[in-house]
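Structure first, commentary second.
The values are calculated or read from the model by the stated rules, or taken from the named source; none is laboratory data. Given the structure is predicted, the values throughout are model-derived calculations rather than measurements. For neighbour counting, all protein chains shown are included, and Cβ atoms are generated from backbone atoms with ideal geometry for every residue, glycine included. Side chains included, ligands, DNA and RNA excluded: accessible areas come from the protein's heavy atoms. Shrake-Rupley method; radii C 1.70, N 1.55, O 1.52, S 1.80 Å.
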Amino acid sequence: MIGVFDSGYGGLSVLRQIRNLMPEYDYLYLGDNARAPYGPRSFDVVYRYTLEAVEALFSRGCEIVILACNTASAKALRTIQRNDLERLTAQYAPELADQGRTLRVLGVIIPTVEGIGDLTTSRHVGVLATQGTINSGSYELEIHKLWPDIVVTGQACPMWVPLVENCEFDSPGADYFVKKRVEGILRTDPAIDTLILACTHYPLLMNKIVKYAPAGVRIVPQGDIIAQALCDYLQRHPEIDERLGKNGHAHFLTTEEPTKFYESATIFIPHTNVEVEQIQL
């Protein structure tokens with residue numbers, strides 16, 4: 001299976017786009033909803049929680065895991081790739097270890113920034129994200145590796161995730177918090193012509209974000225980008241693709257109570273039959 005992990009529910013928006021593009025594959029989604037949000041937590045805690053989730057997905061037969069969580073991608077991905085993949089492969093896929101190969105863990109940051117240089121004309125880009133992602137500096141780092149001339153400005157949006165997860169993303173009360181952050185980042189750098197929505201919850205606020213962003217400012221959500229990046233990745237790695245199940249099935253795991261997960265999940269993936277199982281990490 002293809003595993004998709006998020007600390008909460010926002011990764012479901014990424015899973016939806018992946019399934020729209022690649023409906024034939026089998027997917028296993030894990031939300032660590034009982035311990036969300038990850039954004040305010042330390043690097044060590046996010047790494048530990050993310051590693052537990054990745055191991056849970058590998059133990060259930062995932063060949064590749066997408067960290068559909070910007071905080072986990074920023075604070076845990078590199079450490080897991082460098083320190084843990086060989087051990088996890090030996091434990092859960094020894095046949096791959098015998099071939100000198102490993103299971104794969106991929107994040108959402110690098111695919112998101114790879115095309116930014118072709119989108120911005122002013123060479124000024126804004127990043128709207130959780131506090132943890134902004135504090136990590138990951139977007140600025142990765143953008144400057146590819147596009148050193150681009151000026152990157154970050155803006156933490158601490159109320160946006162709660163607005164989405166409490167179904168207030170389309171309410172009049174959401175306008176204040178969206179307007180405050182969009183206008184705030186553009187006040188910091190009026191030359192910004194591209195805004196990255198660096199949290200998978202934020203696309204549900206798109207109507208509000210567009211409302212308060214000036215005409216001509218491009219809004220870049222992640223779902224379509226990640227889906228296309230995964231499709232391209234599997235085309236470049238047929239040895240991985242050939243091991244993936246293609247029965248069009250999706251199953252969902254949560255560390256929260258299943259009824260609560262189901263109610264929140266339908267915000268992100270409406271009209272989907274959600275088979276959900278509660279697990280402990």
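For the range 180-191, the condition holds for no residue, the condition being that it is at pLDDT below 95, open to solvent by 50 Å² or more (accessible area, probe 1.4 Å) and within 21 Å of the chain's Cα centre (by Cα). Evaluating LYS246 against the criteria (1) farther than 18 Å from GLN17 by Cα; (2) among the basic types (Lys, Arg); (3) open to solvent by 30 Å² or more (accessible area, probe 1.4 Å) leaves one unmet condition, (1). Among the numbered conditions (1) aromatic (Phe, Trp, Tyr); (2) at pLDDT 95 or above; (3) in contact with a helix residue (DSSP H, G or I) (Cβ under 7 Å, 6 or more places away or on another chain), the only one that TYR176 does not meet is (3). Among residues of the range 86-101 that are farther than 13 Å from PHE58 by Cα, those with a Cβ under 8 angstrom from a residue that is small (Gly, Ala, Ser) and surrounded by fewer than 18 Cβ atoms within 10 Å (Cβ to Cβ), sequence gap 6+ or separate chain, pair up as ALA97/ALA90.
Inclusion of LEU141 among residues that are among the aliphatic types (A, V, I, L, M) and either touching a strand residue (DSSP E or B) at 6+ places or on another chain (Cβ under 6 Å) or modelled with pLDDT of 95 or more (or both) is warranted.
Sub-9 Å Cβ pairs linking a first residue in the range 34-50 that is without any contact (Cβ under 8 Å) to a residue 60 or more places away in the chain to a second residue that is acidic (Asp, Glu) and not in a loop (DSSP other than H, G, I, E, B), at least 6 apart or interchain, are ALA36/ASP6; ALA36/GLU165, ordered by first then second residue.
Taking the range 96-170 and the helices (runs of 4 or more DSSP H) fully enclosed by it, the elements with 3 or more residues that are under 25 Å from VAL45 (Cα atoms) are at 109-114, 131-136, 138-146, 160-165.
The rows are residues; the columns are (1) over 22 Å from GLU114 (Cα atoms); (2) open to solvent by 30 Å² or more (accessible area, probe 1.4 Å).
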site: TYR202; (1), (2): no, no
site: LYS211; (1), (2): yes, yes
site: ASP224; (1), (2): no, yes
site: GLU242; (1), (2): yes, yes
